[in-house]
Amino acid sequence: MYIKKVRKSHRNSKKVYEYLHLVENVRTERGPRQRLILNLGSLDIPADKYKELANCIEAMITGQMQLFSADPTIEKHARKALQKIRSKQSLKQPDKQVNHSAESIYKNVDITSLQAGEMRSLGPEYVCHSIWNELKFNDILTANGISEHLLPLLEALVVGRLVTPGSERHTWQWAENRSAIYELSGTPLRTSLNALYRAGDSLFGCKDALETHLARQEKELFSLPERMCLIDLTNTYFEGRAAGNPKAKRGRSKEKRSDCKLLTLALVVDEHGFAKYSRLYPGNQAECNTLKQIIENMIQIRPNLAKDRTVVIDASIATKENIEYLKENRFHYIVVSRGKADFTVADTLEMKIIRQTDEYSLEVKRREKNGQAFLLCRSSSRKGKDYGIRNRQEQLFIDRLQYYHDGLSKKGHTKLYDKVIELIGRLREKYPQASKQYDVTVTAEDKTAKSVKAQAIVWKKRVQYDDISRFDGCYVLRTDRLDLTDKQIWETYVMLTRLESAFRSMKSSLGLRPNFHQNPERADTHLFISVLAYHILHTIEYRLHQSGDHRSWKTIRDILSTHQRLTIEYNVKEQNQIERHHLRLCSSAEPEHKQIYKNLGLKNIPLSRKRYAVKSVVATKSVKPPNDADP
């Protein structure tokens, strides 16, 4: 076995490409010939290391570990080549399903030659692969012109976000070195990082077709009613300048990353948390200006969502113009009204309890006007939060006013009347909740000088201070659904927490943040991959919830991570020669694994065993493992 360099050129180009081939000499009827074992590609190693690499590969195949190379780079290339040889050999052998009732097979095995290696994560990938097939991703991709050779790469991109969230480079390293995803989905034609990037480009090109297909498939699988449309926006930040991306803008970061440019994601989900539509916007996009475009684009690809739907949106989107748009297009709505909608302090004394738990209570007061219902809600848990925020702002506001007042009589502090007024204006802007409750007066020295100095700063609570505090924990819901009870209106509104949960899953479990791409199309693809991964994540969690298992995907993923795929190697004596056997199998599913698989309707054995002999060596002496190997 040795390595030779091969030069090839394209007929339409003068450029010459060089590859390394691993070959061996064989005898044929027509004399000695060279047989290609593996195309190693273009490796950056010197020519004097070719023999060392060939010897190391042969030693790994035959189990002669004492011949391994001491050079870590050579050993790394050899292990990668060995993995490809095993994969190539396994394709030539028919799959044999494990049959525990089959007759036992006994061989003469050298137990000191037993080794286990090439361990790869299998459990989380198996679950995601099953849902990928159930949602029929491959069908819609091939129907939109995607080559079958790209399908394993596309699946690796999406499943990688679920198993080990990160960048596309991180996903590529995971699929190549730590996962059995390609054993489940099939080996792609090319596995380079550039091939993965190009596969992602083709994936984003099928965005509308994919989202339409997934929404219909999920509706059929779980008989979803799709009566509600919950709409909200979030954003993620870029690492780097992203100078060439017109959507990368500075804005209000929901992750407090005001130092970075942002990209905004709008998402529509139904009442059960299944995603229906997504759209990308610049990072400085005003939320109130997106509703019309989102709904019109969603209806364009899902016309059946245009009638008898209730739109649920938060206060940031619920402007007067947006509510009028919903009315004109015959959408029902449940929104958070801006302001208190003419509710008075007296109304807070007439509220009735509609929900009582050990953790919180909810009180409401209903009023109907002009074909709309207004519901004043007060939550005990939110009341404590509002009081804490207001009290904290109030204390900071007063402390800073006292600091400005004391500074009027100290050297080096601001004393000019106009400057003090400016400072207080900025203070009111910084602490708006506290500013509403205090009147602040700045008195000036009675002098006709060119620059008038401030003499004192006086503040006092406004008369309506107690009235404002009575609205702590209150918010107003507005709807045209007069047929709903107070409890039904509130329960429909809190469905927005499912959308917030979706965003939380994307950011924590699906690698939505940060975005490392400087290319605009690749940045969009990065977010869209997380949206597709959410379809699989939510399907898994929803099905587990139906079985009474309410654990999150993160917990399920950690439990399944111990279910792995591995290779066992051993020497078998056959007559006067020793064969090196390789057995590729799954570790035994543990009780926790079995319960999860049962809830999802999956078998306990994800992949069948593959057994083959790669090389035979003459049995002149026993092949021993190194000193640190276990017998």
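The values are calculated or read from the model by the stated rules, or taken from the named source; none is laboratory data. In this text the structure is predicted, and so the values were computed from the model without any measurement. When we count neighbours, we look across all protein chains shown, and the Cβ atoms used for this are built from the backbone with ideal geometry, even at glycine. Note: accessible area is taken over every heavy atom of the protein model, side chains too, but ligands, DNA and RNA are not part of it. Shrake-Rupley method; radii C 1.70, N 1.55, O 1.52, S 1.80 Å.
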Within the range 1-68, strands (runs of 3 or more DSSP E) holding 2 or more residues that are among the β-branched types (V, I, T) and either touching a helix residue (DSSP H, G or I) at 6+ places or on another chain (Cβ under 6 Å) or loosely packed, with under 11 Cβ neighbours inside 10 Å (or both): 16-28
Among (1) surrounded by 18 or more Cβ atoms within 10 Å (Cβ to Cβ); (2) in contact with an Asp or Glu (Cβ under 8 Å, 6 or more places away or on another chain), the one test that K415 misses: (2)
Filter pass, F397 being in a loop (DSSP other than H, G, I, E, B) and open to solvent by less than 20 Å² (accessible area, probe 1.4 Å): no
Qualifying residue in the range 332-347 (condition: open to solvent by 40 Å² or more (accessible area, probe 1.4 Å), in contact with an Asp or Glu (Cβ under 7 Å, 6 or more places away or on another chain) and in a loop (DSSP other than H, G, I, E, B)): no
Of all residues in the range 141-163 being out of contact with any Ser or Thr (no Cβ under 7 Å at 6 or more places or on another chain) and open to solvent by 30 Å² or more (accessible area, probe 1.4 Å), the one that is nearest to A195 (Cα to Cα): H149
Out of R367, R309, R355, sole residue that is within 35 Å of the chain's Cα centre (by Cα) and either over 21 Å from S381 (Cα atoms) or exposed (fewer than 14 other Cβ atoms within 10 Å of the Cβ) (or both): R309
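So that you can scan it fast, the table gives a plain yes or no per residue for (1) part of a helix (DSSP H, G or I); (2) among the basic types (K, R):
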| residue | (1), (2) |
| --- | --- |
| G384 | yes, no |
| Q393 | yes, no |
| H413 | no, no |
| V420 | yes, no |
| R428 | yes, yes |
Restricting the range 186-201 to residues that are open to solvent by 30 Å² or more (accessible area, probe 1.4 Å) and not in a loop (DSSP other than H, G, I, E, B), the residue that is farthest from L585 (Cα to Cα): D201
Subset of the range 370-394 that is under 40 Å from the mean Cα position of the chain (by Cα) and free of Cβ contacts under 8 Å to residues at least 12 places away in the same chain - its residue that is surrounded by the fewest Cβ atoms within 10 Å (Cβ to Cβ): G388
Evaluation of I231 against (1) surrounded by 15 or more Cβ atoms within 10 Å (Cβ to Cβ); (2) in a helix (DSSP H, G or I) (one fails), failing number: (2)
Number of the exception - Q285 against (1) touching a residue at least 24 places away in the same chain (Cβ under 8 Å); (2) outside any loop (DSSP other than H, G, I, E, B): (2)
Unmet requirement for L326, which otherwise passes all of (1) under 22 Å from A266 (Cα atoms); (2) open to solvent by 10 Å² or more (accessible area, probe 1.4 Å); (3) free of Cβ contacts under 8 Å to residues at least 40 places away in the same chain; (4) not aromatic (F, W, Y): (2)
Given (1) within 21 Å of K554 (Cα to Cα); (2) of a type in the set (D, E); (3) free of Cβ contacts under 8 Å to residues at least 60 places away in the same chain, number of the condition E176 does not satisfy: (1)
Residues of the range 115-129 that turn out to be open to solvent by 10 Å² or more (accessible area, probe 1.4 Å) and either more than 12 Å from P606 (Cα to Cα) or outside any helix (DSSP H, G or I) (or both), as a count: 7
Residue tally, condition open to solvent by less than 60 Å² (accessible area, probe 1.4 Å) and over 19 Å from the mean Cα position of the chain (by Cα), over the range 234-269: 9
